[in-house]
1. Residues 3, 75: which one is modelled with pLDDT under 65 and not in a helix (DSSP H, G or I)?
2. Among what's in the range 27-54 and is surrounded by 13 or more Cβ atoms within 10 Å (Cβ to Cβ) and more than 30 Å from residue 85 (Cα to Cα), pick the residue that is modelled with the highest pLDDT.
3. Kindly indicate whether any position in the range 83-92 is surrounded by 13 or more Cβ atoms within 10 Å (Cβ to Cβ) and either at pLDDT below 85 or over 20 Å from residue 21 (Cβ atoms) (or both).
């Protein structure tokens, strides 16, 4: 059985998809994930985790929708991540590992 191999040359003219839009989407996704996990952990204290399967499923969907809504409104995590990535995207690290100038 032969495994098809893609030719890397076919991607040479493809535009790179990166930039502020992707970073912002990832930051919003992380914020939603953080809020969803926070809600799930908070429900452990209310006894919601002792419910039946259907109620747990309902709470899981509810947490996901609330987390998405709050992440799109913003609670500040996205802004912190974006500020950190913008600040560090132009930073150049000098490790001193390049000893080519000093033989």
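The values are calculated or read from the model by the stated rules, or taken from the named source; none is laboratory data. Just so it is clear, the model here is predicted, and its values are computed rather than measured. Positions of Cβ are generated from backbone atoms using ideal geometry, with glycine treated the same way; all protein chains shown enter the neighbour counts.
1. 3
2. Of everything passing the filter in the range 27-54, 43 is modelled with the highest pLDDT.
3. Yes; the residues of the range 83-92 include at least one that is surrounded by 13 or more Cβ atoms within 10 Å (Cβ to Cβ) and either at pLDDT below 85 or over 20 Å from residue 21 (Cβ atoms) (or both).
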